[in-house]
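Notes to accompany the following structure.
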């Protein structure tokens with residue numbers, strides 16, 4: 001009859017074989033799973049070897065104190081962490097378990113805290129701590145429900161595999177504009193989830209785009225008036241033979257100028273044409289042959305009004321699916337509109353001719369000069385884009401390796417995209433300056449044209465509706481085993497474009513899918 005004795009020398013298992021009538025024979029048995037504790041009933045955890053007696057679902061009785069750190073909502077973080085003296089928070093239990101290389105064991109109760117599970121650690125939930133810490137995970141889970149935290153449970157990067165059993169993770173409805181609700185995020189780690197429930201809340205609606213000022217820009221200043229006939233004298237006291245028209249007027253609109261054209265000069269024998277606005281229309285010449293008595297401002301001497309400025313471009317409507325990174329989900333906001341262009345300046349009015357004997361005393365003099373055109377109004381400012389709606393994601397896997405076994409994943413509703421900001425209308429152009437008055441039978445000069453109205457600003461684009469995914473992943477697809485169920489919710493509507501969606505630039509509706517891959 002043979003007797004086997006096991007001894008652990010350093011990291012090597014040695015078996016002593018003693019046979020009747022034979023000398024003792026010592027030899028290494030490195031491939032014997034019973035001796036090396038590598039059979040299926042044993043489970044490796046980091047550098048430790050943990051027998052299956054520490055896996056609650058595989059035993060009938062209570063988990064032994066030596067298996068790890070125990071946590072109950074009625075505990076205290078200063079306790080020893082045993083079944084009789086459990087700690088109170090999952091965070092403390094996981095910290096101690098990581099230090100010791102053991103597992104963490106949680107009562108089937110609710111823990112109102114966000115949890116970070118280090119890789120290489122096992123978290124076992126579903127224990128009836130009121131009745132000897134026995135496993136009841138099929139009917140009662142350990143609940144992680146942190147309240148307003150955007151991510152309820154996160155598995156962090158590192159070496160090894162995190163294993164989570166019989167835990168129900170509940171992410172609350174997101175509160176901040178555009179925030180997402182994510183039950184579990186695995187960031188660059190390897191994780192196994194067994195008999196877990198991952199339930200995401202609703203994503204928050206996207207932020208509204210900022211409106212442009214509701215006050216219309218102030219009307220541009222008017223053009224300058226022309227000079228009356230015979231009103232200027234030279235150094236000798238005689239009337240000038242040329243009277244300059246009203247000076248041009250500028251309207252600065254955030255660096256963009258609109259200029260009313262200068263009025264036409266008044267002269268003895270003819271009147272000068274008004275000048276172009278920048279840009280604008282030419283004020284028709286205010287001159288005529290002495291014998292032509294039908295000249296008038298109505299016949300073309302008045303400066304033409306400037307055209308209205310072009311409106312700003314509408315903000316781009318948000319579209320696409322968004323992005324996934326280590327912080328969670330990033331949606332797509334609507335684009336800002338463009339500023340409206342200033343209106344064109346009005347053309348200057350035509351000047352009038354004087355004559356040989358129009359001034360007092362019958363001396364020759366210049367006719368009245370034309371008024372300058374009014375500058376165009378400033379363009380309106382644009383509305384800003386609406387923010388993206390937040391996502392609802394049960395499991396987000398970012399460059400990770402995740403395996404689900406007999407799990408239930410349920411997402412809520414994505415948030416609505418934010419409405420785009422309203423535009424600001426363009427300001428009115430300045431009135432044209434009046435022409436100078438005639439004298440001694442000469443005609444009055446002509447007025448400048450009114451500046452064009454500034455273009456309206458562009459309305460902001462609507463934000464993308466928030467998505468709803470049971471699984472969202474970047475990198476490797478999530479492996480699913482057993483009776484795993486995926487239940488996406490409802491995607492959020494896209495946000496309307498600004499100013500009552502006048503440019504039909506609403507954001508796209510969010511995406512809904514059981515599984516969604518991100519680039």
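The values are calculated or read from the model by the stated rules, or taken from the named source; none is laboratory data. From a predicted model like this one, the values you see are computed outputs, not experimental measurements. Virtual Cβ from ideal backbone geometry, glycine too; neighbours counted across all protein chains shown.
So the values come out like this:
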read-out	value
Residue tally, condition surrounded by fewer than 19 Cβ atoms within 10 Å (Cβ to Cβ) and over 25 Å from residue 211 (Cβ atoms), over segment 321-341	4
Selection from segment 460-499 of residues that are over 24 Å from residue 325 (Cα atoms) and either part of a loop (DSSP other than H, G, I, E, B) or without any contact (Cβ under 8 Å) to a residue 12 or more places away in the chain (or both)	460, 461, 482, 483, 484, 496, 497
Out of 277, 263, 286, sole residue that is out of contact with any strand residue (DSSP E or B) (no Cβ under 6 Å at 6 or more places or on another chain) and either at pLDDT below 85 or crowded, with 24+ Cβ neighbours inside 10 Å (or both)	263
From 93, 97, 106, residue being touching a helix residue (DSSP H, G or I) at 6+ places or on another chain (Cβ under 7 Å) and closer than 19 Å to residue 169 by Cβ	106
Answer from 338, 367, 349 - the residue that is out of contact with any helix residue (DSSP H, G or I) (no Cβ under 8 Å at 6 or more places or on another chain), at pLDDT below 95 and assigned to a loop (DSSP other than H, G, I, E, B)	367
Residue, surrounded by the fewest Cβ atoms within 10 Å (Cβ to Cβ), within segment 103-120, restricted to residues that are modelled with pLDDT of 95 or more and in a loop (DSSP other than H, G, I, E, B)	112
Extreme residue, nearest to residue 451 (Cα to Cα), among residues of segment 310-320 that are more than 11 Å from the chain's Cα centre (by Cα) and surrounded by 24 or more Cβ atoms within 10 Å (Cβ to Cβ)	311
Hey, residue 183 closer than 30 Å to residue 417 by Cβ and in contact with a strand residue (DSSP E or B) (Cβ under 8 Å, 6 or more places away or on another chain) or not	yes
Counted residues, segment 171-206 - those being buried (at least 22 other Cβ atoms within 10 Å of the Cβ) and part of a loop (DSSP other than H, G, I, E, B)	15
Some residue of segment 409-423 being closer than 22 Å to residue 201 by Cα, touching a residue at least 24 places away in the same chain (Cβ under 8 Å) and not in a loop (DSSP other than H, G, I, E, B)	yes
Residue 221 being part of a loop (DSSP other than H, G, I, E, B) and at pLDDT 85 or above	yes
Top-ranked residue in segment 245-260 [being farther than 22 Å from residue 230 by Cβ and in a loop (DSSP other than H, G, I, E, B); ranked as modelled with the highest pLDDT]	248
Matching option when the condition is within 22 Å of the chain's Cα centre (by Cα) and part of a strand (DSSP E or B), among 388, 394	394
